[in-house]
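One structure is given below, encoded as structure tokens.
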Amino acid sequence: MIETETTTESIKTAGVIGVGLIGGSIAAGLGAAGWTVVGYDPDPDVVRVASDRSLVTRFVQTIDDVVASD
């Protein structure tokens, strides 16, 4: 008899609205724990810094896009 093991990997996604000091820290922690992090911030300078520091997996253009992401 051949035994097979089936595993399902859980993909965890979190949306972070505002990736400045506090939101960026939360995003970094989630990313370090293996989560996919979708980020939004209306300030392009904040987005640039968070992107340079790889705090977010991907950025979206609106809050509605954060809500719709999975």
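Might you let me know whether segment 15-35 holds any residue that is open to solvent by 90 Å² or more (accessible area, probe 1.4 Å), of a type outside the set (A, V, I, L, M, F, W, C) and either at pLDDT 95 or above or in contact with a strand residue (DSSP E or B) (Cβ under 9 Å, 6 or more places away or on another chain) (or both)?
Among the residues of segment 15-35, not one is open to solvent by 90 Å² or more (accessible area, probe 1.4 Å), of a type outside the set (A, V, I, L, M, F, W, C) and either at pLDDT 95 or above or in contact with a strand residue (DSSP E or B) (Cβ under 9 Å, 6 or more places away or on another chain) (or both), which makes the answer no.
Considering segment 12-70 alone, what residues qualify as being assigned to a strand (DSSP E or B) and either hydrophobic (A, V, I, L, M, F, W, C) or over 12 Å from the mean Cα position of the chain (by Cα) (or both)? So that I can check it myself, show each step before the final result.
Taking segment 12-70 as the starting set, the residues that turn out to be assigned to a strand (DSSP E or B) are 13-17, 36-40, 58-59.
Those that are assigned to a strand (DSSP E or B) and either hydrophobic (A, V, I, L, M, F, W, C) or over 12 Å from the mean Cα position of the chain (by Cα) (or both): ALA14, VAL16, ILE17, VAL37, VAL38, PHE59.
The values are calculated or read from the model by the stated rules, or taken from the named source; none is laboratory data. Predicted model, so just to flag it, every value in this text is computed and none were measured. Using ideal geometry, Cβ is built from the backbone for each residue, glycine included, and neighbour counts are taken over all protein chains shown. These area figures cover heavy atoms from the full protein model, side chains too; ligands, DNA and RNA do not enter into them. Shrake-Rupley method; radii C 1.70, N 1.55, O 1.52, S 1.80 Å.
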